[in-house]
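Reviewing the structure listed below.
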Amino acid sequence: MRRTLRTLRTIGAALCGAALACAGTAPAQADGGPAARAWESRHSGSDARFRGLAAVSRSTAWAAGTKGTVLLTRDGGRSWRNVSPPGAGALEFRDVEAFDGRRAVVLAIGEGEASRVFRTDDGGSTWTETFRNTDPKAFYDCLTFFDPRHGIALGDPVDGRFRILATGDGGRSWRVLPGRGMPAALPGEAAFAASGQCVVSSGRHDAWIATGGAASSRVLHSADRGRTWTVAGTPVPAGDSARGVFGLAFRDRTHGLAVGGDYRTGQPSERAAAVSGDGGTTWTAASRPPGSYRSGVAWLPHSRTTALAVGPAGSDLTTDGGRTWRAFDTGSYDTVDCAADGGCWAAGEKGRIARLTSR
């Protein structure tokens, strides 16, 4: 059953939205502050599906996806360099965390040895495999860093508890943290490797995990870099292996957003977004959520109220801290990330990568 649910989740996430994919994007319609927002396509030269994305700046970004593909741009997306690790063609990269235009860590997902971590210090010219999972019961989904040295990777439950890998040297080595500080997982509960946002962090110690697949969706919070966790329920519907919270974003250790729904094409996704103002202790459903499943979410830098959500059926903007969302684009994207200088990027199927512009 465990393998069946994972297979359904991985295949379903890969297929969801294919029928809704658009050749281009629609004009911006949202009231995105002084100027409306729009995605401006950047030709990647690849047909991979990118669910891993790291925005370094307006000019520099990394994307990681299917067929072991990793791309890097340093000119705002006008050109992309294929910097994929050699021999990684059979791997499924679902997350990338970058410290700058030279240093990055990528995660490949899958059962057993398919879950791996690689690091580069020279812009992808060379890579070092720094972790390979040898536990056939483990399946890693996403990773996050608190600073350039300390980070964690999240794995689905093993023996009834989510598994956490930790690094203290920038991803050059990893260790499995003891499970005693992790609450018991619910039957069927797991994380979704859909956007690299099933585990996120804010500041030097706080991290949050998004879950689904069980009777209810939950968010777990750690204030000590993953050693101990508390848990809270969310109003995002679950109750099925295809439903729950898919992506999280915290602009500080207090204010968080959750998005999700049902990733199956054509299935309704009511209450697909929620907001927290107390560090994830409690969650309130958005009064006007996105109209369908959303897999990725990101705060606009230096804004207390504005954020983006993306999914295979389109993108939405909130200007009131996540209480209400309004669609502004119909293009298919799986993940979104924003850099400190205000550069926001989105990526998805068929090599789609875009940068946010104001109109």
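The values are calculated or read from the model by the stated rules, or taken from the named source; none is laboratory data. Because the structure is a prediction, the values reported are computed rather than measured. Glycine also receives a Cβ, built like all others from the backbone with ideal geometry; neighbour counts cover every protein chain displayed.
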Item to complete: Answer with yes or no whether residue 271 is of a type in the set (Lys, Arg), surrounded by fewer than 20 Cβ atoms within 10 Å (Cβ to Cβ), farther than 13 Å from residue 233 by Cα and touching a Phe, Trp or Tyr at 6+ places or on another chain (Cβ under 7 Å).
Response: no
Within region 267-303, the count of residues that are part of a loop (DSSP other than H, G, I, E, B), among the polar types (S, T, N, Q) and within 19 Å of the chain's Cα centre (by Cα) comes to 3
The strands (runs of 3 or more DSSP E) lying wholly within region 225-266 that contain at least 3 residues that are at pLDDT 95 or above, under 17 Å from residue 195 (Cα atoms) and among the β-branched types (Val, Ile, Thr) are none
By residue number, the members of region 162-206 that are charged (D, E, K, R) and assigned to a loop (DSSP other than H, G, I, E, B) are 169, 172, 189, 204
query = Does residue 120 satisfy the condition of being crowded, with 20+ Cβ neighbours inside 10 Å, over 26 Å from residue 250 (Cα atoms) and in contact (Cβ under 8 Å) with a residue 12 or more places away in the chain?
reply = yes
The residue that is farthest from residue 223 (Cα to Cα), considering only those in region 262-290 that are in contact with an Asp or Glu (Cβ under 8 Å, 6 or more places away or on another chain) and free of Cβ contacts under 8 Å to residues at least 40 places away in the same chain, is 268
Check your understanding: So is residue 259 surrounded by 21 or more Cβ atoms within 10 Å (Cβ to Cβ), within 22 Å of residue 345 (Cα to Cα) and under 19 Å from the mean Cα position of the chain (by Cα) or not?
Key -> yes
| message | Given the criteria at pLDDT 95 or above, crowded, with 19+ Cβ neighbours inside 10 Å, touching a helix residue (DSSP H, G or I) at 6+ places or on another chain (Cβ under 9 Å) and within 22 Å of residue 45 (Cα to Cα), does residue 91 qualify? | response | yes
Within region 315-330, restricting to residues that are surrounded by 24 or more Cβ atoms within 10 Å (Cβ to Cβ) and of a type outside the set (S, T, N, Q), the one that is farthest from residue 254 (Cα to Cα) is 329
Within region 94-107, residues being buried (at least 24 other Cβ atoms within 10 Å of the Cβ) and in a loop (DSSP other than H, G, I, E, B) number 0
Evaluate the following for residue 77: is it closer than 18 Å to residue 355 by Cβ and either surrounded by 16 or more Cβ atoms within 10 Å (Cβ to Cβ) or out of contact with any strand residue (DSSP E or B) (no Cβ under 7 Å at 6 or more places or on another chain) (or both)? yes
The correct count of residues that are under 14 Å from the mean Cα position of the chain (by Cα) and β-branched (Val, Ile, Thr) in region 155-212 is 4
Expected output for region 194-211 (first residue under 11 Å from residue 150 (Cβ atoms), partner hydroxyl-bearing (Ser, Thr, Tyr) and modelled with pLDDT of 95 or more, Cβ below 6 Å, 6+ apart or cross-chain) is 201/144; 207/201; 207/222
